[in-house]
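First comes the structure, then the notes that go with it.
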Amino acid sequence: MDADVMQIELQAANDIDATGQLYDWLRREDRLRGRIHMAYADLPADAMGGIADTIAVAVGTGGMGTVAASAIVAWLSQRNSDLTVSVTRRPDGVTLKVEARQAKDPEALLRALAGFLDGEAAGPEDGNAAS
């Protein structure tokens, strides 16, 4: 990975299909093409198949964090369920949890998430995006 590229990991909780749905949504964003892949949980040898539990997105300079943040906020605003998306930056490992109910104020959520993903903000002290 290039020095100017940061990896983010996304996990959607509270819905068994949410991570896959978020992955499908992000894949449709042309500017994120080639920057997204699924990561699967390690399973015991006798288990069948794997469950996607994490989406990895490579962002870096040029505002790619804002692109990813916009796509995540748009997806959350479409949800009717009480979802939480955990966004973890790599390599520093700082995590920000974003809840679907916060998408009721998309501009504030977008500012908080974009700043976090672009590495401009360390993230709120309590680990949740401000709503």
How much accessible area does Leu83 have with a 1.4 Å probe, in Å² rounded to the nearest 10? 0
Environment charge of Ala103, counting only residues whose C-beta is closer than 14 Å and scoring Lys/Arg +1, Asp/Glu -1: +1
What is the local net charge at Leu32, summed over the other residues whose Cβ is closer than 15 Å to its Cβ (Lys, Arg +1; Asp, Glu -1)? 0
On full extension of the chain, what length is gained from Ser81 through Arg28, given 0.36 nm per residue of separation minus the C-alpha to C-alpha distance? 16.9 nm
Would you mind computing, in nm to one decimal, how far apart the modelled labels at Ala56 and Gln21 are, each placed 7 Å from Cα along Cα→Cβ? 2.6
Label-to-label distance, nm, for residues given as Glu107 and Met38 (7 Å Cα→Cβ offset): 3.7
Cα convex hull of the range 71-121 - mean projected area over all directions, nm²: 3.3
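The values are calculated or read from the model by the stated rules, or taken from the named source; none is laboratory data. The shown structure was predicted, so the numbers you read here are calculated from the model rather than taken from an experiment. Ideal geometry is used to build each Cβ from the backbone, glycine not excepted, and the neighbour counts take in all protein chains shown. Ligands, DNA and RNA are excluded from the accessible area calculation, which covers all protein heavy atoms including side chains. Shrake-Rupley method; radii C 1.70, N 1.55, O 1.52, S 1.80 Å.
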